[in-house]
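First the structure, in the form of structure tokens, and then the observations on it.
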Amino acid sequence: MKTRNNFAAQLSVLVSVLLITAGTSLGEPPPESVQEIKQRLDSQLSSLEALYKDIHSHPELSLQEEHTSARLARELRELGFEVTEKVGGYGVVGVLKNGDGPTILVRTDMDALPVVEQTGLPYASKVRGRDKNGVDVGVMHACGHDMHMTCWVGVARMLAGMKDRWHGTLVFIGQPAEEMGKGARMMLEDGLFQRFPKPDYCLALHCDALTPHGTVSYTEGLALANVDSVDITVRGKGGHGAAPHMTVDPIVLAARIVLDLQTIVSREVNPTDPAVVTVGSIHGGTKHNIIPSEVKLQLTVRTTKDSVRKHVLDAIERIAKAAAAGARAPEPIVTVDPGEFTPALVNEAGLTRKTVALFKEVLGADKVFERPPVMGGEDFGRYGKAGVPIFLYFLGTLPPERVVESKREGGPTLPSLHSDHYYPVPEPSIRTGVLTMTMAVLNLAGK
Ligand SMILES: [Zn+2]
Ligand SMILES: [Zn+2]
């Protein structure tokens with residue numbers, strides 16, 4: 001993440017204190033809300049931090065979020081939410097009604113990743129699990145979903161305790177399988193917007209691994225890309241390595257296809273439209289002197305426009321088939337798994353501006369910054385595709401000095417999300433996450 005301010009810590013603290021205490025133009029919700037949330041946070045923080053560490057040390061893989069979802073359901077029930085479990089897999093939906101007013105959905109994801117944690121933290125995960133292929137793997141919250149859940153519980157506690165300050169309906173959802181790009185679709189297909197109050201707005205936050213705690217960042221409009229997974233089985237005719245003329249070599253053919261695919265983005269897509277075609281996996285053969293009968297390729301494809309997405313996916317199939325024809329090979333099998341598709345995430349402009357203006361008043365303008373879109377994916381975009389204005393923002397989670405250090409020439413590279421070394425600093429990250437999200441809800445439903 002390319003930050004655009006220099007995070008002069010002392011100055012920014014001063015500015016934010018001035019802005020908050022001045023309290024001039026907060027409008028709705030009133031500035032007292034900020035003070036009230038901060039006071040409530042002071043008394044909740046140790047329990048939220050304990051919750052965070054507990055979730056961190058007990059991660060569960062995508063589609064296996066059994067205990068995590070039960071934990072979240074319990075937390076909401078204690079606060080008076082009407083809770084339904086197992087909505088689209090292990091999805092949790094909690095509804096809290098508080099008179100007439102807008103319906104606001106706040107989403108957390110729940111799943112962890114097949115990563116062996118290397119942070120060395122006292123609360124590091126030692127959990128092992130089985131991935132979807134049955135392989136034994138380490139399990140770690142390396143994408144910060146544990147922080148998302150903790151903030152989500154914190155926000156629920158704040159709002160349940162401040163019912164005099166808002167009106168409307170809260171729909172808090174714990175979403176499974178974000179890392180597979182599946183969970184949002186599963187919850188929507190299980191009637192999220194039919195069986196429960198349909199939201200007027202959907203909000204979410206995501207940890208950022210490169211920015212300091214106390215800050216948030218956002219992108220208006222297109223923020224994250226369309227993500228597709230493509231599998232190609234390149235077919236040939238196997239035989240002896242010493243008699244290639246008796247075979248059709250799928251390894252040479254696969255190598256040609258990998259290179260030909262590079263021309264899609266460079267030669268076929270308008271240079272002003274971002275697109276990525278990456279071959280992330282290539283497997284074929286067993287031994288030096290055997291020409292195998294097939295080679296398997298796995299691709300990730302990133303685009304931002306539907307028309308470009310269609311063109312790129314069509315081009316992959318066309319190029320693979322043409323290369324095979326040129327090599328007198330059988331037609332390759334090209335499959336795009338619709339279940340693995342994650343649509344681009346587009347933050348609705350009006351909701352983004354309204355919320356960002358509030359964040360600037362709450363945190364200070366120098367703690368809120370815009371960032372360019374990236375070609376990563378997040379299935380929160382599906383709630384937007386389903387017709388509801390959405391806003392996902394990024395929560396800074398690092399000690400400011402580590403960020404400064406990393407920007408020095410020759411400074412250490414910061415671990416990214418999904419790294420076995422990434423971790424948010426719990427206490428200040430929870431503070432900013434709960435404060436900003438609670439205020440974002442009050443900004444839409446405040447009295
Ligand atoms: Zn992730
Ligand atoms: Zn994530």
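The values are calculated or read from the model by the stated rules, or taken from the named source; none is laboratory data. What you see is a predicted model; the values in this text were computed from it and never measured. Quick reminder, even Gly has a Cβ in these numbers, built from the backbone with ideal geometry, and neighbours come from all protein chains shown.
Restricting 135, 139, 115 to residues that are more than 20 Å from residue 69 (Cα to Cα) and within 15 Å of ligand 1 (Cβ to nearest atom) narrows the list to 115.
Within the stretch 131-150, if we keep just the residues that are at pLDDT 95 or above and either more than 13 Å from ligand 2 (Cβ to nearest atom) or over 23 Å from residue 392 (Cβ atoms) (or both), the residue that is nearest to the chain's Cα centre (by Cα) turns out to be 150.
Of all residues in the stretch 183-200, one or more are within 15 Å of ligand 2 (Cβ to nearest atom) and under 21 Å from residue 339 (Cβ atoms).
If a residue must be among the β-branched types (Val, Ile, Thr) and within 16 Å of ligand 1 (Cβ to nearest atom), how many such residues does the stretch 212-243 contain? Quick ask: steps written out before the conclusion?
If we filter the stretch 212-243 for residues that are among the β-branched types (Val, Ile, Thr), which is where we start, we get 215-216, 219, 227, 230, 232-234.
Now narrow it down to the ones that are within 16 Å of ligand 1 (Cβ to nearest atom): 227.
Residues meeting the conditions: 1.
Would you call residue 92 away from ligand 2 (no atom under 16 Å from the Cβ), over 25 Å from residue 164 (Cα atoms) and buried (at least 17 other Cβ atoms within 10 Å of the Cβ)? Before the answer, list the steps.
Values: away from ligand 2 (no atom under 16 Å from the Cβ): yes; over 25 Å from residue 164 (Cα atoms): yes; buried (at least 17 other Cβ atoms within 10 Å of the Cβ): yes.
So residue 92 fits the description; yes.
Residue pairs whose Cβ atoms lie under 7 Å apart, sitting 6 or more positions apart in sequence or on different chains, and linking a residue in the stretch 132-143 that is surrounded by fewer than 24 Cβ atoms within 10 Å (Cβ to Cβ) to a partner that is among the basic types (Lys, Arg), are 136/128; 136/130; 137/128; 138/128. Only a single item in (1) away from ligand 2 (no atom under 16 Å from the Cβ); (2) touching a residue at least 12 places away in the same chain (Cβ under 8 Å) is not met by residue 409, and it is number (2).
Checking the conditions here, which among 122, 102 is surrounded by fewer than 21 Cβ atoms within 10 Å (Cβ to Cβ) and touching a helix residue (DSSP H, G or I) at 6+ places or on another chain (Cβ under 6 Å)? I'd like the intermediate steps shown before the answer.
Values: 122 fails: touching a helix residue (DSSP H, G or I) at 6+ places or on another chain (Cβ under 6 Å).
Just one listed residue meets the conditions, 102.
Take residue 397 and tell me if it is within 15 Å of ligand 2 (Cβ to nearest atom), polar (S, T, N, Q) and not in a loop (DSSP other than H, G, I, E, B). Judged against the criteria, residue 397 is a match. Could you check, for the stretch 402-413, whether at least one of its residues is in contact with a strand residue (DSSP E or B) (Cβ under 6 Å, 6 or more places away or on another chain) and either within 15 Å of residue 223 (Cα to Cα) or buried (at least 22 other Cβ atoms within 10 Å of the Cβ) (or both)? No, there is no match, as no residue in the stretch 402-413 is in contact with a strand residue (DSSP E or B) (Cβ under 6 Å, 6 or more places away or on another chain) and either within 15 Å of residue 223 (Cα to Cα) or buried (at least 22 other Cβ atoms within 10 Å of the Cβ) (or both). Restricted to strands (runs of 3 or more DSSP E) entirely inside the stretch 135-218, those with at least 3 residues that are under 27 Å from residue 33 (Cβ atoms) are 168-175, 201-212, 216-218. Do we find a residue being without any contact (Cβ under 8 Å) to a residue 60 or more places away in the chain and either of a type in the set (Val, Ile, Thr) or within 16 Å of ligand 1 (Cβ to nearest atom) (or both) anywhere in the stretch 86-106? Scanning the stretch 86-106 turns up no residue that is without any contact (Cβ under 8 Å) to a residue 60 or more places away in the chain and either of a type in the set (Val, Ile, Thr) or within 16 Å of ligand 1 (Cβ to nearest atom) (or both).
Considering 229, 217, which residue is within 18 Å of the chain's Cα centre (by Cα), touching a residue at least 60 places away in the same chain (Cβ under 8 Å) and over 18 Å from residue 353 (Cα atoms)?
Working: 217 fails: over 18 Å from residue 353 (Cα atoms).
From the options 229, 217, the qualifying one is 229.
Residue by residue through the stretch 396-428, note down the ones that are more than 16 Å from ligand 1 (Cβ to nearest atom) and under 19 Å from residue 47 (Cα atoms). Selection gives 425, 426, 427, 428. The set of residues in the stretch 414-436 that are among the aliphatic types (A, V, I, L, M) and part of a loop (DSSP other than H, G, I, E, B) comprises 414, 417, 425.
Would you kindly identify the strands (runs of 3 or more DSSP E) lying entirely within the stretch 303-385 that contain at least 1 residues that are surrounded by fewer than 17 Cβ atoms within 10 Å (Cβ to Cβ) and touching a residue at least 60 places away in the same chain (Cβ under 8 Å)? Don't jump to the end; show me each part of the working.
Numbers: elements: 333-336, 345-347, 368-370.
Filter on the stretch 303-385 gives 333-336, 368-370.
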